[in-house]
Amino acid sequence: MKKLMISAVIAFSLFMVAIIAPENQLIPVQGATEKDWNHDTFWYEPWGKSGVHKGIDIFSPAGKSVIASTYGIVLFSGVVALGGNVVVVLGPKWRLHYYAHLSDSRITAGTLVRSSEIIGSVGNSGNAGDKPPHLHYAIITLVPYLWRMDFSTQGWKKIFYLDPGERLLAAM
Ligand SMILES: [Zn+2]
């Protein structure tokens with residue numbers, strides 16, 4: 001019983017440390033500025049198969065380095081239907097950072113990344129073939145922010161999908 005209590009306290013402490021860990025987010029494309037994404041496209045609709053756009057598109061010449069916006073653990077690096085070459089990093093505050101449409105990824109699942117470390121290059125893989133090269137960047141919180149829910153299309157999903165543009169501007 002006592003052992004269980006201690007384990008629970010340790011698990012809770014680790015959880016809390018991860019929640020308050022600083023982020024210091026970076027724009028995840030080398031050389032990009034806030035002018036390289038349209039600030040009105042988060043939750044823009046209609047948006048293809050996704051219905052609404054749950055991230056931002058950072059436009060950049062193909063081949064530019066995609067860098068990790070935060071430090072974290074790479075949970076996935078591979079190919080999915082819509083996202084093409086995708087990297088998913090679990091960063092501070094229990095947030096997943098989703099980098100999509102890469103021309104290639106240079107990192108393997110299970111490894112640690114530092115913020116600003118190169119994880120791949122900008123491309124238009126997946127369902128972005130008819131668009132100029134860009135990084136689709138989304139942030140998903142694993143701790144639901146219930147108060148963020150609203151009556152927009154798929155508005156309940158806002159408890160998980162944060163506006164990356166807002167986060168990046170706040171960090172500047
Ligand atoms: Zn996008």
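Here, each number is a calculation from the coordinates, and none is a lab measurement. Please read these numbers as outputs of a predicted model, since none were measured by experiment. For neighbour counting, all protein chains shown are included, and Cβ atoms are generated from backbone atoms with ideal geometry for every residue, glycine included.
Let's see if you can work this out: charge +1 on each Lys and Arg Cβ, -1 on each Asp and Glu Cβ, no other charges. What is the dipole magnitude of the chain about its Cα centre, in debye to the nearest 20?
Details: 15 positive and 12 negative charges, 134 e Å.
Its charge dipole is roughly 640 debye.
By counting other Cβ atoms within 10 Å of each Cβ, how are Val9, Val89, Val80 ranked from fewest to most?
Lowest to highest Cβ neighbour count: Val9, Val80, Val89.
In the structure displayed, which of Lys2/Lys157; Lys35/Lys131; Lys2/Lys158; Lys131/Lys158; Lys35/Lys158 lie more than 29 Å apart, Cα to Cα?
Table pairs above 29 Å Cα-Cα are Lys2/Lys157; Lys2/Lys158.
Once you compute Rg and the Kirkwood Rh from C-alpha atoms, what is the Rg to Rh ratio for the chain?
Dividing the radius of gyration by the Kirkwood radius yields 1.00.
For the chain, set up a Gaussian network in which alpha carbons nearer than 10 Å are linked by springs, and say which option among Val143, Val88, Val122 fluctuates the most.
Comparing Val143, Val88, Val122 in the GNM, the peak value goes to Val143.
Let me have the relative contact order for the chain, percent, based on Cα pairs under 8 Å that are six or more residues apart.
23 percent
Using the Cα gyration tensor of the stretch 115-159, with a ≥ b ≥ c the square roots of its eigenvalues, what is the shape: rounded (a/c below 1.5), prolate (a/b larger than b/c) or oblate (neither)?
oblate
Testing the spin-label approximation: label points 7 Å from Cα along Cα→Cβ at Ala18 and Val79. State their distance in nm.
Label-label distance for Ala18 and Val79, simple model: 3.1 nm.
Counting only helical runs of four or more DSSP H residues, what would the 222 nm mean residue ellipticity of the chain come to if each run contributes -39,500 (n - 2.57) and the total is spread over all its residues?
-5000 deg cm²/dmol
Only Cα pairs within less than 10 Å get springs; with that Gaussian network setup on the chain, which residue of Ser121, Ser65, Ser152 has the largest fluctuation?
Ranking Ser121, Ser65, Ser152 by mean-square fluctuation puts Ser152 first.
List the aspartates and glutamates whose alpha-carbon lies under 18 Å from that of Lys64, not counting same-chain residues fewer than 8 positions away?
Answer for Lys64, where 18 Å is the Cα cut-off: Glu34, Asp36, Asp104, Glu117, listed by chain and number.
Just Gly51, Gly123, Gly72 to compare: in a GNM of the chain, with alpha carbon springs under 10 Å, which one fluctuates most?
Gly51
Could you tell me which of rounded, prolate or oblate describes the stretch 1-69, using a ≥ b ≥ c as the square roots of the eigenvalues of the alpha-carbon gyration tensor, with rounded for a/c under 1.5 and, failing that, prolate when a/b is larger than b/c and oblate otherwise?
Here the stretch 1-69 falls in the prolate category.
With +1 on each Lys and Arg Cβ and -1 on each Asp and Glu Cβ, how big is the dipole of the stretch 113-172 about its Cα centre, in debye rounded to the nearest 20?
The calculated dipole for the stretch 113-172 is roughly 100 debye.
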